[in-house]
Amino acid sequence: MSHDPARVERIKANLAAARTRIEEACHKADRNPSEVSLVAVTKTRPAEDVRILASLGVTDVGENRDQEAAPKAAATADLDLTWHFVGQLQTNKAKSVASYADVVHSVDRDRLARALGDRAASAGRRLTCLVQVDLDDGSQAGVLGPRGGVDPADALDLAARIDGHDALTLGGVMAVAPREGDPHEAFGRLYEVACRIRDRYPLATVISAGMSGDLEAAIERGATHLRLGTALLGDRGPIVG
Ligand SMILES: *Cc1c(COP(=O)(O)O)cnc(C)c1O
(Lines give C-alpha, C1' and ligand atoms only; values in the text may rest on other atoms or scores of the structure.)
Protein backbone atom coordinates (compact mmCIF):
# COMPACT_ATOMS: atom_id res chain seq x y z
CA MET A 1 0.00 0.00 0.00
CA SER A 2 1.38 3.42 -0.84
CA HIS A 3 1.19 6.42 1.45
CA ASP A 4 -0.96 9.49 0.98
CA PRO A 5 1.44 11.80 -0.87
CA ALA A 6 0.12 14.97 0.79
CA ARG A 7 0.67 13.46 4.25
CA VAL A 8 4.18 12.36 3.28
CA GLU A 9 5.03 15.87 2.09
CA ARG A 10 3.65 17.42 5.27
CA ILE A 11 5.61 15.17 7.58
CA LYS A 12 8.73 15.54 5.46
CA ALA A 13 8.49 19.34 5.70
CA ASN A 14 7.87 19.15 9.46
CA LEU A 15 10.89 16.89 9.91
CA ALA A 16 13.07 19.27 7.94
CA ALA A 17 11.85 22.23 10.00
CA ALA A 18 12.47 20.36 13.26
CA ARG A 19 15.98 19.40 12.13
CA THR A 20 16.68 23.05 11.31
CA ARG A 21 15.55 24.09 14.79
CA ILE A 22 17.77 21.42 16.30
CA GLU A 23 20.77 22.50 14.24
CA GLU A 24 20.30 26.16 15.14
CA ALA A 25 19.91 25.39 18.82
CA CYS A 26 23.01 23.19 18.74
CA HIS A 27 24.95 25.92 17.00
CA LYS A 28 23.95 28.43 19.69
CA ALA A 29 24.84 26.02 22.46
CA ASP A 30 28.11 25.08 20.77
CA ARG A 31 27.07 21.47 20.49
CA ASN A 32 27.23 18.97 17.66
CA PRO A 33 23.78 18.03 16.28
CA SER A 34 24.96 14.42 16.13
CA GLU A 35 24.76 14.40 19.95
CA VAL A 36 21.00 14.96 19.81
CA SER A 37 18.61 12.15 18.90
CA LEU A 38 15.03 12.55 17.88
CA VAL A 39 12.20 10.39 19.16
CA ALA A 40 8.99 10.89 17.17
CA VAL A 41 6.04 10.74 19.57
CA THR A 42 3.17 9.25 17.57
CA LYS A 43 0.41 9.19 20.19
CA THR A 44 -3.12 9.72 18.77
CA ARG A 45 -1.67 9.22 15.27
CA PRO A 46 -2.35 6.15 13.13
CA ALA A 47 0.21 3.44 12.43
CA GLU A 48 0.31 4.83 8.90
CA ASP A 49 2.10 7.93 10.25
CA VAL A 50 4.67 5.63 11.86
CA ARG A 51 5.27 4.01 8.47
CA ILE A 52 5.68 7.40 6.81
CA LEU A 53 8.16 8.50 9.48
CA ALA A 54 10.11 5.30 8.97
CA SER A 55 10.14 5.83 5.21
CA LEU A 56 11.67 9.26 5.88
CA GLY A 57 14.47 7.79 7.95
CA VAL A 58 13.10 8.06 11.48
CA THR A 59 14.23 5.08 13.55
CA ASP A 60 12.89 5.95 17.02
CA VAL A 61 9.24 6.33 17.92
CA GLY A 62 7.52 6.99 21.22
CA GLU A 63 4.11 6.46 22.78
CA ASN A 64 2.65 7.40 26.15
CA ARG A 65 -0.20 4.88 26.60
CA ASP A 66 0.14 1.13 26.49
CA GLN A 67 -3.36 0.63 25.05
CA GLU A 68 -2.31 2.62 22.02
CA ALA A 69 1.34 1.64 21.82
CA ALA A 70 0.92 -2.14 21.91
CA PRO A 71 -1.26 -2.45 18.78
CA LYS A 72 0.77 0.19 16.92
CA ALA A 73 4.05 -1.56 17.67
CA ALA A 74 2.50 -4.83 16.51
CA ALA A 75 1.16 -3.25 13.31
CA THR A 76 4.60 -1.93 12.41
CA ALA A 77 6.71 -4.83 13.70
CA ASP A 78 8.18 -5.37 10.23
CA LEU A 79 9.92 -1.96 10.36
CA ASP A 80 12.52 -2.76 13.01
CA LEU A 81 11.97 0.50 14.88
CA THR A 82 13.20 1.35 18.35
CA TRP A 83 10.14 1.85 20.58
CA HIS A 84 10.24 4.34 23.46
CA PHE A 85 7.59 4.33 26.15
CA VAL A 86 7.36 7.88 27.54
CA GLY A 87 4.15 8.05 29.58
CA GLN A 88 3.17 7.39 33.15
CA LEU A 89 3.00 3.68 33.65
CA GLN A 90 0.99 1.50 36.01
CA THR A 91 2.80 -1.55 37.29
CA ASN A 92 0.11 -3.85 35.88
CA LYS A 93 1.06 -2.67 32.37
CA ALA A 94 4.70 -3.67 32.82
CA LYS A 95 4.25 -7.06 31.16
CA SER A 96 2.77 -5.58 28.01
CA VAL A 97 5.25 -2.71 27.78
CA ALA A 98 8.21 -5.03 28.37
CA SER A 99 7.09 -7.10 25.38
CA TYR A 100 7.58 -4.37 22.75
CA ALA A 101 9.39 -1.37 24.24
CA ASP A 102 13.14 -0.97 23.90
CA VAL A 103 13.47 2.09 26.12
CA VAL A 104 11.17 3.13 28.98
CA HIS A 105 11.67 6.82 29.77
CA SER A 106 9.22 7.03 32.64
CA VAL A 107 10.56 4.82 35.42
CA ASP A 108 9.83 6.70 38.63
CA ARG A 109 9.64 4.09 41.39
CA ASP A 110 11.33 0.90 42.58
CA ARG A 111 8.28 -1.26 42.16
CA LEU A 112 7.88 -0.29 38.53
CA ALA A 113 11.57 -0.90 37.82
CA ARG A 114 11.35 -4.35 39.36
CA ALA A 115 8.14 -5.21 37.47
CA LEU A 116 9.63 -4.12 34.16
CA GLY A 117 12.85 -6.02 34.84
CA ASP A 118 11.08 -9.22 35.88
CA ARG A 119 8.73 -9.08 32.89
CA ALA A 120 11.56 -8.36 30.47
CA ALA A 121 13.54 -11.25 31.91
CA SER A 122 10.68 -13.71 31.44
CA ALA A 123 10.24 -12.50 27.87
CA GLY A 124 13.96 -12.96 27.24
CA ARG A 125 14.39 -9.26 26.54
CA ARG A 126 16.49 -6.41 27.89
CA LEU A 127 15.04 -2.99 28.54
CA THR A 128 16.83 0.32 28.78
CA CYS A 129 15.28 2.43 31.54
CA LEU A 130 15.55 6.13 32.26
CA VAL A 131 14.91 7.63 35.67
CA GLN A 132 12.07 10.11 35.26
CA VAL A 133 12.78 13.14 37.42
CA ASP A 134 10.00 15.37 38.76
CA LEU A 135 10.84 19.00 37.99
CA ASP A 136 7.58 20.44 39.32
CA ASP A 137 7.77 22.38 42.55
CA GLY A 138 4.64 20.57 43.69
CA SER A 139 2.28 23.52 43.64
CA GLN A 140 0.59 22.63 40.35
CA ALA A 141 0.39 18.88 40.67
CA GLY A 142 -2.79 18.87 42.71
CA VAL A 143 -4.73 20.95 40.22
CA LEU A 144 -3.48 19.63 36.92
CA GLY A 145 -2.56 16.10 37.83
CA PRO A 146 0.92 14.74 38.47
CA ARG A 147 3.23 14.25 35.51
CA GLY A 148 5.20 11.56 37.26
CA GLY A 149 8.82 11.47 38.20
CA VAL A 150 10.92 10.78 41.25
CA ASP A 151 12.02 13.53 43.60
CA PRO A 152 15.48 14.66 42.41
CA ALA A 153 16.91 13.71 45.81
CA ASP A 154 15.84 10.08 45.28
CA ALA A 155 16.99 9.75 41.67
CA LEU A 156 20.36 8.18 42.44
CA ASP A 157 18.77 5.46 44.59
CA LEU A 158 16.33 4.59 41.83
CA ALA A 159 19.20 4.55 39.32
CA ALA A 160 20.95 1.99 41.53
CA ARG A 161 17.83 -0.20 41.58
CA ILE A 162 17.62 -0.15 37.80
CA ASP A 163 21.33 -0.80 37.39
CA GLY A 164 21.06 -3.72 39.81
CA HIS A 165 18.47 -5.62 37.79
CA ASP A 166 19.88 -8.18 35.35
CA ALA A 167 17.36 -7.48 32.60
CA LEU A 168 17.59 -3.68 32.80
CA THR A 169 20.15 -1.25 31.47
CA LEU A 170 20.33 2.14 33.14
CA GLY A 171 20.22 4.64 30.27
CA GLY A 172 20.08 7.98 32.07
CA VAL A 173 17.34 10.45 32.97
CA MET A 174 14.15 11.94 31.55
CA ALA A 175 11.90 14.83 32.49
CA VAL A 176 8.99 16.94 31.33
CA ALA A 177 9.36 20.68 31.93
CA PRO A 178 6.93 22.19 34.44
CA ARG A 179 3.90 23.83 32.86
CA GLU A 180 4.96 27.20 34.16
CA GLY A 181 8.27 28.87 34.68
CA ASP A 182 11.50 28.91 32.74
CA PRO A 183 12.31 25.57 31.08
CA HIS A 184 16.03 26.50 31.10
CA GLU A 185 15.99 26.59 34.88
CA ALA A 186 14.10 23.29 35.14
CA PHE A 187 16.27 21.53 32.56
CA GLY A 188 19.31 22.90 34.38
CA ARG A 189 18.18 21.02 37.48
CA LEU A 190 17.71 17.89 35.39
CA TYR A 191 21.25 18.28 34.07
CA GLU A 192 22.61 18.32 37.62
CA VAL A 193 20.77 15.10 38.45
CA ALA A 194 22.06 13.58 35.20
CA CYS A 195 25.64 14.46 36.13
CA ARG A 196 25.31 12.93 39.57
CA ILE A 197 24.04 9.69 38.08
CA ARG A 198 26.63 9.67 35.31
CA ASP A 199 29.41 10.18 37.84
CA ARG A 200 28.54 6.81 39.31
CA TYR A 201 27.29 5.10 36.12
CA PRO A 202 29.39 6.45 33.25
CA LEU A 203 27.35 4.64 30.60
CA ALA A 204 24.10 6.33 31.69
CA THR A 205 24.49 9.26 29.32
CA VAL A 206 20.93 9.83 28.11
CA ILE A 207 19.16 13.06 28.98
CA SER A 208 15.64 12.85 27.54
CA ALA A 209 14.25 16.38 27.70
CA GLY A 210 12.61 18.76 25.33
CA MET A 211 9.34 18.53 23.46
CA SER A 212 8.02 20.53 20.52
CA GLY A 213 7.66 23.73 22.55
CA ASP A 214 10.91 23.73 24.48
CA LEU A 215 13.51 21.82 22.49
CA GLU A 216 15.86 24.82 22.31
CA ALA A 217 15.99 25.14 26.10
CA ALA A 218 16.58 21.39 26.41
CA ILE A 219 19.45 21.44 23.93
CA GLU A 220 21.00 24.36 25.76
CA ARG A 221 20.87 22.32 28.97
CA GLY A 222 22.45 19.19 27.59
CA ALA A 223 19.56 17.10 26.24
CA THR A 224 20.63 14.07 24.22
CA HIS A 225 17.11 12.97 23.25
CA LEU A 226 14.15 15.11 22.19
CA ARG A 227 10.61 13.74 22.21
CA LEU A 228 8.74 15.50 19.43
CA GLY A 229 5.05 15.03 18.69
CA THR A 230 3.21 18.06 17.35
CA ALA A 231 6.30 19.54 15.67
CA LEU A 232 6.38 16.49 13.40
CA LEU A 233 2.79 15.35 13.13
CA GLY A 234 0.71 18.47 13.82
CA ASP A 235 -1.79 19.31 16.52
CA ARG A 236 -3.43 16.44 18.30
CA GLY A 237 -6.58 18.40 19.13
CA PRO A 238 -7.95 18.42 22.67
CA ILE A 239 -5.88 16.19 24.93
CA VAL A 240 -7.79 13.13 26.07
CA GLY A 241 -6.94 11.08 29.12
C1 LIG B 1 3.14 13.87 24.08
C2 LIG B 1 4.46 13.80 24.72
C3 LIG B 1 5.58 14.37 24.11
C4 LIG B 1 5.52 15.12 22.80
O5 LIG B 1 4.92 16.37 23.02
P6 LIG B 1 4.82 17.50 21.88
O7 LIG B 1 4.57 18.74 22.64
O8 LIG B 1 3.68 17.09 21.01
O9 LIG B 1 6.10 17.50 21.15
C10 LIG B 1 6.80 14.24 24.76
N11 LIG B 1 6.90 13.60 25.94
C12 LIG B 1 5.85 13.05 26.55
C13 LIG B 1 6.05 12.37 27.86
C14 LIG B 1 4.59 13.13 25.97
O15 LIG B 1 3.55 12.58 26.59
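The values are calculated or read from the model by the stated rules, or taken from the named source; none is laboratory data. What you are looking at is a predicted structure, and each value in this text was computed from that prediction instead of being measured. Glycine also receives a Cβ, built like all others from the backbone with ideal geometry; neighbour counts cover every protein chain displayed. Side chains included, ligands, DNA and RNA excluded: accessible areas come from the protein's heavy atoms. Shrake-Rupley method; radii C 1.70, N 1.55, O 1.52, S 1.80 Å.
General observations
- Alpha-carbon spread of the chain, three principal axes, descending order, Å: 49, 44, 37
- Per-residue packing, averaged as other Cβ atoms within 10 Å, sorts the ranges 27-34, 202-209 into the order 202-209, 27-34, beginning with the highest.
- In the chain, the DSSP-assigned H stretches of four residues or longer account for a calculated mean residue ellipticity at 222 nm of -13000 deg cm²/dmol, using -39500 (n - 2.57) per stretch and the full residue count as denominator.
- Among the lysines of the stretch 5-233, pairs at least eight places apart or on separate chains and with Cα atoms under 24 Å apart come to 7.
- Accessible surface, the stretch 5-233, averaged per residue in Å² (probe 1.4 Å): 45
- The residues neighbouring residue 43, those whose beta-carbon lies less than 12 Å from its own, together hold a net charge of +1 under the Lys/Arg +1, Asp/Glu -1 convention.
- Under the simplified labelling scheme, the residue 4-residue 80 pair shows an inter-label distance of 2.9 nm, with each label point 7 Å from Cα along Cα→Cβ.
- Local electrostatic count at residue 81 - Lys and Arg +1, Asp and Glu -1, tallied over other residues with Cβ under 13 Å: -4
- Of all accessible heavy-atom area on the chain, the percent that carbon and sulfur account for (1.4 Å): 49
- Between residue 68 and residue 196, the FRET efficiency estimated from the beta carbon spacing at R0 = 41 angstrom works out to 0.75.
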